[in-house]
Amino acid sequence: MATDGRNRRFELLAMPHLDAAFNLARWLTGNTADAEDVVQDAYLRAFRYLDAFRGDNFRVWLLTIVRNSFLNWLKDNRSGRLLFQAAPADLDWADPDPGPEAMLLDRVDSETLGILVAQLPAEYREVLILREIEDLSYKDIAAVTGAPAGTVMSRLSRARLALRKAWIDNEKGAQKP
């Protein structure tokens, strides 16, 4: 019976965060299949160490495990460069019934943004994803990454500036005849 209670506790704590865990893993690994492997490993680790969870924010604890599972996966499967996948082109549209031209422009912008994010240094990409996509606080990002909150804020500021500069440079390059 104790196992049933533990299983139920894990399900109640972990399952609401499956989308966030997968989203982070997909951005880190660069593809769905590898992200699934990372999340599976992270969830197994989280289940194994569930009794060690003493915090008040399971989501942060779980995303930390996802990040660490990714770093372990990276050692076994890739070089040291963190990879990010471009945002899916089928995101919610501002216009509920956009025309073909609006859809194409939005898709091009989304693909461009994904390419530009992928060019950022890994530590910038990571905090940008955790803040802008996963909507974590600076304190929570610091907990996930193991970096001080001041470093998180600095990296996020630099990431935004670098992304803005890359976007402007890209726009200037696209306008040249």
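The values are calculated or read from the model by the stated rules, or taken from the named source; none is laboratory data. Not measured: the values here are computed from a predicted model. Virtual Cβ from ideal backbone geometry, glycine too; neighbours counted across all protein chains shown.
Could you tell me whether any residue of region 48-66 is more than 19 Å from D140 (Cβ to Cβ) and either small (G, A, S) or surrounded by 14 or more Cβ atoms within 10 Å (Cβ to Cβ) (or both)? Yes, some residue in region 48-66 is more than 19 Å from D140 (Cβ to Cβ) and either small (G, A, S) or surrounded by 14 or more Cβ atoms within 10 Å (Cβ to Cβ) (or both).
Could you list, ordered by first residue, the pairs with Cβ atoms under 8 Å in which the first is in region 18-45 and surrounded by fewer than 21 Cβ atoms within 10 Å (Cβ to Cβ) and the second is charged (D, E, K, R), at least 6 apart or interchain? The qualifying pairs are A20/R59; A20/E134; F22/E36; N23/E134; T32/R26.
For G173, state whether it is at negative phi, of a type in the set (G, A, S) and over 15 Å from the mean Cα position of the chain (by Cα). The answer is yes for G173. Against the definition (outside the structural domain of I133 (by TED's automatic domain parsing), of a type outside the set (A, V, I, L, M) and under 21 Å from V117 (Cα atoms)), how does W27 come out, yes or no? So W27 fits the description; yes.
Of everything in region 1-17 that is part of a helix (DSSP H, G or I) and exposed (fewer than 10 other Cβ atoms within 10 Å of the Cβ), the residue that is farthest from the chain's Cα centre (by Cα) is A2. Taking the condition in a helix (DSSP H, G or I) and either at pLDDT 95 or above or assigned by TED's automatic domain parsing to the domain that holds K139 (or both), does L71 pass? No.
Of these, L44, L62, which one is within 20 Å of L128 (Cβ to Cβ), at pLDDT 95 or above and in a helix (DSSP H, G or I)? Of L44, L62, the one residue that is within 20 Å of L128 (Cβ to Cβ), at pLDDT 95 or above and in a helix (DSSP H, G or I) is L62. Scanning region 138-155 turns up no residue that is more than 22 Å from R67 (Cβ to Cβ) and polar (S, T, N, Q).
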